[in-house]
Amino acid sequence: MVDEARKVEMRQYQRERSAVRRAAGLVTRTFWIWERDSTDFRAAVAPYVDRARLIDALLGTAPLPALELIKIIKTHGFPYDPADIIYLADLRTELALRPDASASIIERAREILAKYGLPVKLDDLIS
């Protein structure tokens, strides 16, 4: 019985994560390719996959450590200041630690989102 309840919880959790991802414009794709093209294919799609991972981390659906965010940005030469992306990824924590500064924290987050045109809403970052 516990196993079935856990399965139901996991399905609901996955549905909610998928809905958040879709709302941010993230989609999943599955392709069949020739096995010997696998390495080249992975290299070609890596920037797209990693950009989606950054967005996923900002949404909180698949958080990443700050060092991993920096690595992704540097590996692909994304036009993001790593400190800005880390700030957005840690926004919930920053608001919890400094509720008295919430207005300035939120304003900075708005500025960062506008600067990069990220497909993430401020509400997604603080809810």
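The values are calculated or read from the model by the stated rules, or taken from the named source; none is laboratory data. Bear in mind the structure is a predicted one, so any value in this text is a computation, not a measurement. Glycine gets a Cβ as well: all are built from the backbone with ideal geometry, and neighbour counts include every protein chain shown. When the accessible area is computed, the model is the full protein with side chains, heavy atoms only, and any ligands, DNA or RNA have been set aside. Shrake-Rupley method; radii C 1.70, N 1.55, O 1.52, S 1.80 Å.
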- Task: Could you tell me whether any residue of the range 103-111 is of a type outside the set (G, A, S), in a helix (DSSP H, G or I) and free of Cβ contacts under 8 Å to residues at least 12 places away in the same chain?
- Result: yes
- Note on the structure: Note: among R15, R11, R36, just one is in a helix (DSSP H, G or I), within 17 Å of the chain's Cα centre (by Cα) and either surrounded by fewer than 16 Cβ atoms within 10 Å (Cβ to Cβ) or not aliphatic (A, V, I, L, M) (or both), namely R15
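Residues of the range 70-81 being surrounded by 12 or more Cβ atoms within 10 Å (Cβ to Cβ) and either closer than 22 Å to G25 by Cβ or acidic (D, E) (or both), which ones?
Those that are surrounded by 12 or more Cβ atoms within 10 Å (Cβ to Cβ) and either closer than 22 Å to G25 by Cβ or acidic (D, E) (or both): I72, I73, H76, F78, Y80, D81.
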- Message: Being open to solvent by less than 50 Å² (accessible area, probe 1.4 Å), over 17 Å from D123 (Cα atoms) and charged (D, E, K, R) is the filter here; which residues of the range 42-66 pass it?
- Response: D50
- Task: Keeping to the range 44-83, report how many residues are part of a helix (DSSP H, G or I), touching a Phe, Trp or Tyr at 6+ places or on another chain (Cβ under 9 Å) and either in contact (Cβ under 8 Å) with a residue 40 or more places away in the chain or not aliphatic (A, V, I, L, M) (or both).
- Result: 3
- Query: In the range 90-108, how many are more than 16 Å from the chain's Cα centre (by Cα), hydroxyl-bearing (S, T, Y) and open to solvent by 50 Å² or more (accessible area, probe 1.4 Å)?
  - Reply: 1
- Under 9 Å between Cβ atoms, at least 6 apart or on separate chains: pull out the pairs that start in the range 113-127 with a residue that is touching a residue at least 40 places away in the same chain (Cβ under 8 Å) and end on any residue that is among the charged types (D, E, K, R). L125/R92
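Each row is one residue, and each column tells you yes or no for (1) at pLDDT below 95; (2) open to solvent by less than 40 Å² (accessible area, probe 1.4 Å); (3) within 25 Å of Q12 (Cα to Cα); (4) among the basic types (K, R).
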| site | (1), (2), (3), (4) |
| --- | --- |
| L26 | yes, yes, yes, no |
| E68 | no, no, no, no |
| L88 | no, yes, no, no |
| V120 | yes, yes, yes, no |
| D123 | yes, no, yes, no |
| S127 | yes, no, yes, no |
